[in-house]
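Following: one structure in structure tokens, then a few remarks.
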Amino acid sequence: MNGIKKLMAGRYGSDQLSVFMLAASILLTLIGRIASLSWIIALSYVPLAIVVYRMFSKDIEKRRLENYKFAIILSPVYSKMHKFKNRLANSKTHKYFKCPDCNAQLRAPKGKSRIIVTCPKCSSKFEKRT
Ligand SMILES: [Zn+2]
């Protein structure tokens, strides 16, 4: 255990980008094995080599910046996943719908029968069954 600590001292280690690239490498390997395409298996070593290089890199600032850029690219995906997860969790208690005028995503509690909804974005009023 002390040997690993000594080896990784002053080195970058792993981050989200490393985990993503490792998953991509595993996925490429699986696809290559299933499709029996050796060039895809060979291609899967590229992200793996980059992961190893990044983990043992001593240029911590540069690796952090790479991970930051990766997070910026992926943030809309995470945001959509988070919204979907919330919607799924609240699907029993709330009804989701769009404003007919501005297409804003709205929600109202279920079981209130007919209600007048006022859109918080465009202030238009419309009737909705929940
Ligand atoms: Zn609206």
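The values are calculated or read from the model by the stated rules, or taken from the named source; none is laboratory data. Values in this document were obtained by computation on a predicted structure and should not be read as measured data. All Cβ positions, glycine included, derive from the backbone under ideal geometry; neighbour counts span all protein chains shown.
Observations
- In the range 93-106, the residues that are assigned by TED's automatic domain parsing to the domain that holds Val117 reach residues that are within 8 Å of the ligand (Cβ to nearest atom) and part of a strand (DSSP E or B) with C-beta atoms within less than 6 angstrom, at least six apart or across chains, in these pairs: Phe97/Leu106; Cys99/Leu106.
- On inspection, Glu66 does not qualify as within 16 Å of the ligand (Cβ to nearest atom) and either closer than 30 Å to Ser18 by Cβ or exposed (fewer than 12 other Cβ atoms within 10 Å of the Cβ) (or both).
- Scanning the range 96-112 for residues being of a type outside the set (Ser, Thr, Tyr) and in a strand (DSSP E or B) gives a total of 7.
- Selection from the range 104-127 of residues that are at pLDDT 90 or above, more than 20 Å from Asn86 (Cβ to Cβ) and of a type outside the set (A, V, I, L, M, F, W, C): Arg114, Thr118, Ser123, Ser124, Lys125, Glu127
- Of the criteria (1) outside any loop (DSSP other than H, G, I, E, B); (2) in contact with a strand residue (DSSP E or B) (Cβ under 9 Å, 6 or more places away or on another chain), which one Pro120 fails: (1)
- Residue within the range 110-125 that is within 25 Å of the chain's Cα centre (by Cα) and within 16 Å of the ligand (Cβ to nearest atom) present: no
- Segments classed as helices (runs of 4 or more DSSP H), wholly inside the range 2-95, with at least 2 members that are touching a helix residue (DSSP H, G or I) at 6+ places or on another chain (Cβ under 7 Å): 16-35, 38-43, 45-56, 60-89
- Looking at Ile116, Ile73, Ile50, just one residue is loosely packed, with under 13 Cβ neighbours inside 10 Å and under 22 Å from Tyr12 (Cβ atoms), and that residue is Ile73.
- First in the range 1-15 and in contact (Cβ under 8 Å) with a residue 24 or more places away in the chain, second anywhere and assigned to a loop (DSSP other than H, G, I, E, B), Cβ under 8 Å, 6 or more apart: Gly10/Lys58; Arg11/Ser57; Arg11/Lys58; Tyr12/Ser57; Tyr12/Lys58; Tyr12/Asp59
- Lone qualifier among Tyr53, Tyr78 - being assigned by TED's automatic domain parsing to the domain that holds Ser18, without any contact (Cβ under 8 Å) to a residue 12 or more places away in the chain, among the aromatic types (Phe, Trp, Tyr) and closer than 25 Å to Thr29 by Cβ: Tyr53
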